[in-house]
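All remarks here apply to the structure that follows.
Since every read-out is calculated from the coordinates, none of them should be taken as a lab result. This one's a predicted model, so the numbers in the text were calculated from it and none came from an experiment. Methodologically, a virtual Cβ is constructed for each residue, glycine included, from the backbone with ideal geometry; neighbour enumeration extends over all protein chains shown.
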Amino acid sequence: MIEVLFFFEVVLAGLLAGTMYSLVALGFVLIYKASSTFNFAQGAMVFFAVLSFVGFMEQGIPFAAAFVLTVLLMIAVGFATERLVLKPLVNQSEDTLLMATIGLAFVLQGLAQAVWGVEVRRLDLGVGDFPIPWIADNLGLFVSALDVMAGVVAATLIVILALMFKYTKMGLGLRAVADDPGAAASIGIPLKNIMLLVWSAAGFVALVAGMMWGARAGVQFALVDLALKALPVLIIGGFSSIPGAIVGGLIIGVVEKVLEVYVGPSFGGGIEGWAPFVLAIFFLLWRPEGLFGEKIIRRV
Amino acid sequence: MTSKPATSPFARGDITNFAVLMTLAFLVIPLTIPNGYWYSSILIPWLCLALAAIGQQIVMGYAGQLALGAAGFMAAGAFACFNIELRIPWMPFGGSLILSGLIAAAFGVLFGLPSLRVRGIYLMVATLASQFFIIWMIDKFGWFKNYDTSGIITAQDIVIFGYAFTAPLQMYLVVLVVVTLLTILAINMTRGSVGRNWMAVRDMDIAAESMGISLLRTKLQAFAISAFYCGVAGALFAFTYLKSLEPVAFDIKLSFQILFMVILGGLGTISGAFIGAAFILLFPVVLNTVGNVWFHGMVDATVISAVEQVVFGALIILFLIYEPLGMAKLWENIRARMRSRSVPKAEVPRQQAS
C-alpha cells in the first residue's frame, strides 16, 4: 500500500514538474506555429525574463509593477528580434534560422548576466515548495504546493491562449499566417503585427515559466539548461501543437521521475539528465512528427 | 609571374602556402618562441579545438547535418585514450590515439542513426542526447575513471618510442604532427568522392539519392569520421592541454563553442575551422586583457564572460545575415582585393581558378 502510494506520489510529482516543461515548450510552439521558426532562444528568454523580473524587484519595484515592466521588456525583445534577426533572414532555410536563434539565445543570456549579475537569487511567490498539509493528512500523499500552483497556472495560461486563438481576430489572423503566410499577407493580414504578437506572447509565457522554475530551483543560469529539456518535449508532442506541448511535457515529467526513482539508483542516479533525450530519439524513430504534430516532416 | 592560371585542384599557390605554413609551424615557431605560455595556453588548445572543429565541419558544413554534440565525442575519445594507455601498456601513443578516435566514431555512428530519418532541430536534439549520455556514462561508471574518486585524473605522459614528450614545446610538436596529418586527410577527403557525396547530400539529398549516392552510407560515414576527428581532438585536448581528465571539461558549453567556431569560421571550409577556433579561443583572452588593462580590473570577470556570450551570439546573427560563409570567406575577399590591387588590371587572369 505504501509502495502504491509512493508510486502515485512519484507520478504526480512528475506530472506537475512536467507542466513546467510544458510551459517552456508552449513558447516554442507559439513561435513555430506562426513562423515555422524553431526558436532555440526560448530557454534563454525564460532566463532573461525571470532574471529581469527579480532584478526589478531588487530595485524596490513592487511585484505587480515589476511583472508589468518585465512583460513590456519581453515585448521589446520580441520587437527587436523580429526587426533585427528574423526580418533580414526571411526566406532563409530552417537550419539558418535555427542557428540565428542559437545566436539570439547567447545574446539574451549574456545580456541578462551582464546587467543583473550571475549570483543565484531566490524568488518567493508566496507559495512554498512543501507538501500541502490537507492532502498529506487526508490522502497520505505528499504533493508540493508550488507544483500544484504551477499546474494551475499552466492550465490557465493554456486555456487563455487556446481561447485567444479560437475567438479573437488576432488569433484567426495567426492561424491564417500559420497555414499559409503568403495567402494571409495577400488578403491583408499584417504579418509584422502577428509576428510581434507571437513573440510577445512567447515572451510572456517565458516569464511565467521562469517564475515557476525560479521559485522552485532559484533564479540562475541552470534554467537555460533545464529549458533544453523542452526540446524532447516538443519532439514527443509535435512542434506545432499546443496540446502536444502539454502532453509531451507531462510524459517527459513522469518518465524522468519514474526512471530516476526506480531505475536511477542502480546506475548511481542522474539519468534524468539524458533520459528525455533518449526517449525523444525513440519517438523520432517511431513517430517523427510527434504525437499531435500536423505536418509530417520532410523525409530524408 | 610566368605560371599559368591555376586549373588543377592543387594549384601551385596551394603548395606554396602549404610549404610556408609548414615551415612556420615546424621551424619558425619552435625556434622563435621559447615561452611555454604560448604553447600551453594558445597554440596547443587552438590546434586541438581546430581539429574538433574540423570534425564538426565535416558533419555540419560538408554533410549538412545539424549536430550539436562534438564535446561528447571529445570526451569519449579522451577517456578512451586514458583507458587504453592505462590498460594496454604496450600500445604506442599513436595507436592509442587512433583507437580512441575509432571508439568515438562508434558513438558517432550510433547517435548519427537518427539523421537517416530527421534533420534540423530534430537531429540536434538527437545529438544532444549523445552529449548528455556520454558525459553521464563516464561520470557514473567508475571503470572509465579507473575508480578514481577525486574527480580529476591526471593524464599519463605521452611516451613515443620510449621518449616522454612533457615540455610544452614537445607536446606542441606532437599535436602539430597529428593535426597536420588529419588536416591533410580531411582536405583530401573533402576534395575527393567522399566529400563530394557529402556535399551532394547537403545540397539536395533527393537528387543525390537519385544519382546513386547511398544516403545511409554517406551520412553515417560523415558522422563516423566527424566523431573520429572529435575523439582524437578530445584525447589530445585532455593529454596536452588540460593534462587531466574530467567529464565536466567536455560539457555542453564546449559543444556550443565548437558549433560557433564552425559557423563563424565559415561552413564548408577546412580553413574556417582553424580561423573560427582561433577567434573563439583568442577573443576571451583579448577581452580579459582589455578588461584588465583599460578598466584596471574594475570589470568583474563574470561580466566579461557575459559580454563574451553577447558578442559571440551577435556575431553569429550578423554573419548569418551578411556573410553566411563566415570569416574564411571574409579573409578570401580581402586577399582577392589585395591581389587585384597589386596586379595591373590587364594581367588579372580572366579564368576562374575554382
P(r) weight above 41 Å for the protein assembly as shown, C-alpha pairs, percent: 30 percent
Computed E for B:Arg196/A:Ala217 - FRET, C-beta separation, R0 51 angstrom, nearest 0.05: 0.55
For a label point 7 Å along the Cα-to-beta-carbon line of B:Asn188, residues of segment B:14-47 with backbone N under 14 Å: none
Per-pair calculated FRET efficiency, R0 = 45 Å: B:Arg117 and B:Asp14 via Cβ, rounded to 0.05: 0.70
Chain A: most fluctuating residue of A:Gly117, A:Gly244, A:Gly27 per GNM, C-alpha cutoff 10 Å: A:Gly117
Simple label model, 7 Å out from Cα along Cβ direction - A:Lys166 to A:Ala76, nm: 3.6 nm
Protection-proxy order for peptides B:132-141, A:195-204, each taking the mean of Cβ atoms within 10 Å per residue, highest first: A:195-204, B:132-141
Exercise: per-residue mean of other protein chain Cβ atoms within 10 Å, A:275-282: 5
Against the rule of thumb 2.2 N^0.38 Å, how large the Cα Rg of segment B:111-154 comes out: 1.57
Estimated vicinal HN-Hα couplings, Hz - segment B:33-49 in sequence order (Karplus 6.51, -1.76, 1.60; Gly, Pro = x): 9, x, 6, x, 4, 4, 6, 7, 10, 10, 5, 5, x, 4, 5, 4, 5
Peptide A:116-125, shielding by other chains (average Cβ, 10 Å cutoff): 1
Cα-Cα over 32 Å, subset of B:Lys140/B:Lys253; A:Lys257/B:Lys219; A:Lys166/A:Lys192; B:Lys219/B:Lys329; A:Lys257/B:Lys243: A:Lys257/B:Lys219; A:Lys257/B:Lys243
Counting all C-alpha pairs of chain A, share separated by more than 35 Å (%): 18 percent
Rounded Å value of the spacing that divides the Cα centres of segment B:272-321 and segment A:48-99: 23 Å
Inter-chain Cβ neighbour average for residues B:257-263, partner chain, 10 Å: 2
Chain A, relative contact order [Cα under 8 Å, separation at least 6], %: 34 percent
Peptides ranked, highest mean first, by Cβ atoms within 10 Å: ranges A:273-281, A:206-214, A:41-49: A:41-49, A:206-214, A:273-281
Near-label residues of segment A:4-44 by backbone N, under 18 Å of a point 7 Å along Cα→Cβ of A:Ala185: A:32-38
Sequence-separation-based contact order of chain B, relative, with Cα cut under 8 Å and 6+ spacing, percent: 29 percent
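Excluding A:Leu174 itself, calculate the net charge of residues whose Cβ lies under 12 Å from the Cβ of A:Leu174, where each Lys or Arg counts +1 and each Asp or Glu counts -1. Intermediate values should be presented prior to the final figure.
Values: positive: A:Lys33, A:Lys166, A:Lys169, A:Arg175; negative: A:Asp179.
Residues near A:Leu174 contribute +3 overall.
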Estimated FRET transfer efficiency when R0 is 60 angstrom, pair A:Phe6-A:Thr96 (beta carbons, to 0.05): 0.80
Percent of alpha-carbon pairs separated by more than 24 Å within segment B:33-347: 55 percent
